[in-house]
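Asker: My questions will all concern the structure given below.
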Amino acid sequence: MEKVQHTKECIMCFSAIDSRAKKCPQCTSLQAKYSNLENNPIIIGALVLSIVGIFGFIFYQNIYVAGLKDQAQKNLIANVSQINTKNENDALYVACIGQVKNESDFSFKNIKFKVDFLTDQNTLVDTLSITD
């Protein structure tokens, strides 16, 4: 009596292999239905969802939040209520007292102050930068 050999097609290289084979002898790919990444909808879906999430986060940070920040910066109100000066050792010291109002919902981080000192003719004399 002759043994009947049942074959199936490899899911990757399409060569004929034993129907009981779990691995193709030609291309060595696993033969389970979802064992290969290309054939697994759950893994592919998770990868696509991760990529969409990453691009969504990049969009949110670089476009949406940056737009809110730019709009909030335009709406900042700086008010100097008092200016005090002092001459010491041929140097002029200036103290400006006031407040900066942020009327938007945006919360600033790493605040930096830059003050330009100008003459009456709007010529720059000095610049002072302060990082909070």
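The values are calculated or read from the model by the stated rules, or taken from the named source; none is laboratory data. The structure displayed is predicted, hence computed values, not measured ones. Note that we place each Cβ from the backbone using ideal geometry, even for glycine, and neighbour counts take in every protein chain shown.
Asker: If I go through segment 97-111 residue by residue, how many of them are within 28 Å of N84 (Cα to Cα), out of contact with any helix residue (DSSP H, G or I) (no Cβ under 9 Å at 6 or more places or on another chain) and part of a loop (DSSP other than H, G, I, E, B)?
Answerer: Counting residues in segment 97-111 that are within 28 Å of N84 (Cα to Cα), out of contact with any helix residue (DSSP H, G or I) (no Cβ under 9 Å at 6 or more places or on another chain) and part of a loop (DSSP other than H, G, I, E, B) gives 2.
Asker: Continuing with this model, one more query. Counting only residues that are under 30 Å from L68 (Cα atoms) and of a type in the set (F, W, Y), which one in segment 83-132 is farthest from the chain's Cα centre (by Cα)?
Answerer: Only one residue fits best here, namely F117.
Asker: Exactly one of these conditions fails for D90: (1) at negative phi; (2) assigned by TED's automatic domain parsing to the domain that holds V125. Give me its number.
Answerer: Every condition holds for D90 apart from (1).
Asker: For segment 70-82, name all the residues that are farther than 14 Å from E103 by Cβ and in a helix (DSSP H, G or I).
Answerer: Within segment 70-82, just D70 meets the criteria.
Asker: Another one. Can you confirm whether T127 is assigned to a strand (DSSP E or B) and out of contact with any Asp or Glu (no Cβ under 9 Å at 6 or more places or on another chain)?
Answerer: No.
Asker: Out of (1) modelled with pLDDT of 90 or more; (2) part of a helix (DSSP H, G or I), what's the single condition that is false for P25?
Answerer: Going through the list (1) modelled with pLDDT of 90 or more; (2) part of a helix (DSSP H, G or I), P25 breaks only (2).
Here is a yes/no grid of residues against (1) hydrophobic (A, V, I, L, M, F, W, C); (2) at pLDDT below 85:
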site: N36; (1), (2): no, yes
site: P41; (1), (2): no, yes
site: L49; (1), (2): yes, no
site: I58; (1), (2): yes, no
site: K69; (1), (2): no, no
site: Q73; (1), (2): no, no
site: I77; (1), (2): yes, no
site: E88; (1), (2): no, no
site: V94; (1), (2): yes, yes
